[in-house]
1. Which members of segment 301-339 meet the condition of being in a strand (DSSP E or B), charged (D, E, K, R) and either modelled with pLDDT under 90 or loosely packed, with under 10 Cβ neighbours inside 10 Å (or both)?
2. Of these, Val413, Val417, which one is at pLDDT below 85 and outside any loop (DSSP other than H, G, I, E, B)?
3. Specify which of the listed residues (Lys189, Lys165) is among the basic types (Lys, Arg) and touching a residue at least 24 places away in the same chain (Cβ under 8 Å).
4. Quick check: anything in segment 266-280 over 30 Å from Gly115 (Cβ atoms), touching a Ser or Thr at 6+ places or on another chain (Cβ under 7 Å) and of a type in the set (Gly, Ala, Ser)?
5. Select from segment 282-300 the residues that are of a type in the set (S, T, N, Q) and either in contact with a Phe, Trp or Tyr (Cβ under 7 Å, 6 or more places away or on another chain) or farther than 30 Å from Ala65 by Cα (or both) and write down the one among them that is surrounded by the fewest Cβ atoms within 10 Å (Cβ to Cβ).
6. Condition (residue is within 30 Å of Ile441 (Cβ to Cβ) and either surrounded by fewer than 21 Cβ atoms within 10 Å (Cβ to Cβ) or outside the structural domain of Thr296 (by TED's automatic domain parsing) (or both)) applied to segment 123-135: is it met by at least one residue?
7. Can you go through Gly209, Gly190 and tell me which one is of a type in the set (Gly, Ala, Ser), part of a helix (DSSP H, G or I) and modelled with pLDDT under 85?
Amino acid sequence: MLNLHWMARYILPFIFLFAFGANSFAQKDTSWTLNGCLQYAKENNITVRQLELNIQTSKAQTTQAWANLAPTANGSAQHTWNYGLSFDNNSGILQNQSYQTSFYAAQFNWVLFNGFTNYYTIMANQYAQEASKWNFEQAINDVQLNIAQLFLQVLFAEERLEIIKQQVDALQQQVDRSQLLYEVGTITKGDYLMAQSSLATQQVNLANGENLVASSKLSLIQALNLNQLDISIIKPDFSNVNITEFKDEINLQGVFDYAMENTPVIKSKKASVWQFKRNLTAVRGNYYPSISFGATLSTAFSELRKDYTNPFNPIDIPYGTQLQQNFGQQLSFRLNVPIFNGLQVRTNVKIAKIQWMNSQLDLENEQNKLRSTIQKAYTDARAAYRTYTANRLNLEALEETYLYAKDKFDVGVITSVEFNDAANKYFNARTELLLAQYDYILKTKVLDFYQGKKLEF
């Protein structure tokens, strides 16, 4: 039979380390897709989670507003020890001695009318709950747009790094060939040193490219709130993104109309306008009288209360008997008419009206911002398409120039300076085309987003 103490001391730690190491390795090797990043951010972003809690708070406030329509009922119990001179309300005797008393009561109150304040407060809370829901949806949209932009920045940085590596490899081959040509006296030492200088410059660009990849990944990691320093991503399938054409005749007014009716932030602001309007009506209700109905049940006990049937020999009245004898009921209607309360009602109405007017300005301001955002998204998408088209044509021309220069350099017709110039222009054009491509993809996706299309690839 195995020694359990020996297993706990020697075997279990190795099992724990193996499991922990395997888990860490699995996490490190996990590759992230764009849709996976979007879903993770939606479920784990702190701002989104806080706004989700705000929805629960709004629901609780709405429930409480409904509960305020119901009557209130409360019970109370009191037991008192009296010492020295005191007056007993139950027995009507002023005594200088120690004695005990008890009092029990139940109160019931129901507000029958208060200027419809409770009713409009319910409506205001319902609109506040709706606004919090749309704020939650808007936060998801903002987070996902930010994640998509950071994801594409990582893709661009990685592909740009690959282009730089190809350029470094090409320059390394040039340096090797220049060394051979220099050794046989075909080229001068200056040409050879120039080739080495170009290689050194691109090696610096390579280091900068690696740093750009690292910083882009770090920005994505921080946006996802991941506890790690590196992340591996999978390039989406961009086959459904048509980069060869852009519709200049897009109906911007239709995009505006759709966004004004369906964008969460606009829906939130509209709900807030109604919230403050109903709150203003609720506050105005305090100008009116209020009517309430109340009922009270009570009983009491006192050690000083006696039975004086025989005045020469009074006897104590038992506890239960006193509670029965002192049991009382009370019904009441209460009318409260506001006459003057230090201008509190008037001031509250004025503040509520200002809040309502301010919410209307917030809505108008948000609509103007949305219109400007859509106009900019359209302009940016059109400009990105034109930039991409120009860079594509430029690359086609420079690629032919580069290949022609390479052939001439290989046979020693041109110098390394001329070849480096052609090579730099070619690889720079590839980088510019790559940048234009991802910029166009992002800008068109933003424009599609405001037309109600899902942010996916």
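The values are calculated or read from the model by the stated rules, or taken from the named source; none is laboratory data. Small disclaimer: the values here were computed from a predicted structure and weren't measured. Methodologically, a virtual Cβ is constructed for each residue, glycine included, from the backbone with ideal geometry; neighbour enumeration extends over all protein chains shown.
1. Lys306, Asp307, Asp316
2. Val417
3. The unique qualifying residue is Lys165.
4. No: segment 266-280 contains no residue that is over 30 Å from Gly115 (Cβ atoms), touching a Ser or Thr at 6+ places or on another chain (Cβ under 7 Å) and of a type in the set (Gly, Ala, Ser).
5. Checked segment 282-300; the qualifying residue surrounded by the fewest Cβ atoms within 10 Å (Cβ to Cβ) is Ser298.
6. Yes, that holds for at least one residue.
7. Within the list Gly209, Gly190, the selection yields Gly190.
Residue-by-condition table, conditions (1) out of contact with any Phe, Trp or Tyr (no Cβ under 7 Å at 6 or more places or on another chain); (2) touching a residue at least 40 places away in the same chain (Cβ under 8 Å); (3) of a type outside the set (D, E, K, R):
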| site | (1), (2), (3) |
| --- | --- |
| Ser372 | yes, no, yes |
| Asp407 | yes, no, no |
| Asn428 | yes, no, yes |
| Tyr438 | no, yes, yes |
| Leu442 | yes, yes, yes |
| Asp448 | yes, no, no |
| Gly452 | no, yes, yes |
